[in-house]
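Here's the structure we're looking at; comments come further down.
The values are calculated or read from the model by the stated rules, or taken from the named source; none is laboratory data. Keep in mind the model is a prediction, meaning the values are calculated, not measured. Neighbour counts are summed over all protein chains in view; Cβ atoms, including those assigned to glycine, are modelled from backbone coordinates with ideal geometry. We work out accessible area using only protein heavy atoms, side chains counted, and drop any ligands, DNA or RNA first. Shrake-Rupley method; radii C 1.70, N 1.55, O 1.52, S 1.80 Å.
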Amino acid sequence: MALEPCKECGTLNSTEAEICLACEYPTKGRVRSNWFKWIAICLTLLFGLPIIIEAIQVANRQINPQPSPPSRIPIQ
């Protein structure tokens, strides 16, 4: 039985302990697999990228407005 510091508060705890006795932080937390990270990245891109693209287009239109075509007045 060895002692290791808590990742949250630094208190020394047994390697067999499931939680830190000082702050109750789990010493052996569940590790998320890589697929969770990839799903989060894909969802962020799926919803965030169109919003960013639209914001850039709006800003571009405000900086460089398109000139209106000349109106044609009929000659009488």
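Here is a list: 7, 37. Which entry is surrounded by 10 or more Cβ atoms within 10 Å (Cβ to Cβ) and in a loop (DSSP other than H, G, I, E, B)?
7
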Query raised in the report: Of the residues that make up region 13-26, is at least one part of a helix (DSSP H, G or I) and surrounded by 10 or more Cβ atoms within 10 Å (Cβ to Cβ)?
Result: no
Query raised in the report: How many of the residues in region 56-67 are assigned to a loop (DSSP other than H, G, I, E, B) and open to solvent by 100 Å² or more (accessible area, probe 1.4 Å)?
Result: 2
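Please work out if residue 53 is open to solvent by 70 Å² or more (accessible area, probe 1.4 Å), outside any loop (DSSP other than H, G, I, E, B) and at negative phi. Write out each step before concluding.
Values: open to solvent by 70 Å² or more (accessible area, probe 1.4 Å): yes; outside any loop (DSSP other than H, G, I, E, B): yes; at negative phi: yes.
In short, yes.
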